[in-house]
Amino acid sequence: MKVLLLSLLMLSSSPLLALDANTIPPDRQQELLHLLKQDCGSCHGLTMKGGLGPALLPENLQGKPAFFLAQTILDGRPGTAMPPWRGLINPTEASWLAQVLLQGDPQ
């Protein structure tokens with residue numbers, strides 16, 4: 001638990017959370033959105049309204065910091081069906097995905 005809290009504190013002060021549209025190339029953004037819809041959607045619902053995993057709509061994520069969501073994306077949730085995605089995406093991409101989730105469907 002202490003390691004997770006320390007990781008969250010380090011991520012919260014990370015410049016990765018101050019992302020702009022140019023941080024991730026457009027083609028990679030499209031790949032990440034596809035991953036979000038298809039891979040995340042397989043558990044969280046294709047419309048992100050929930051399924052095996054909880055809903056990932058902005059109103060459901062309200063009050064959850066972006067750094068917490070990015071850490072969850074990267075390292076999963078032990079003891080649950082949420083897998084770690086760190087092998088496929090990097091911390092910058094996880095932060096970008098967290099912002100997309102907090103803002104709602106970009107399409």
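Read the figures in this text as sums done on the coordinates, not as results from a lab. In this text, all values refer to a predicted model and were calculated from it rather than measured experimentally. Neighbour counts are summed over all protein chains in view; Cβ atoms, including those assigned to glycine, are modelled from backbone coordinates with ideal geometry.
In this simple spin-label approximation, residue 80 and residue 43 carry label points 7 Å from Cα along the Cα→Cβ vector, and these lie 0.8 nm apart.
Under 5 Å between amide hydrogens, which residues at least 5 positions from residue 76 or on another chain qualify, with H placed 1.01 Å from N in the peptide plane? Placed amide hydrogens put 85 under 5 Å from residue 76. Kirkwood hydrodynamic radius of segment 21-107, from the reciprocal of the average inverse Cα-Cα distance over all distinct pairs: 12.9 Å.
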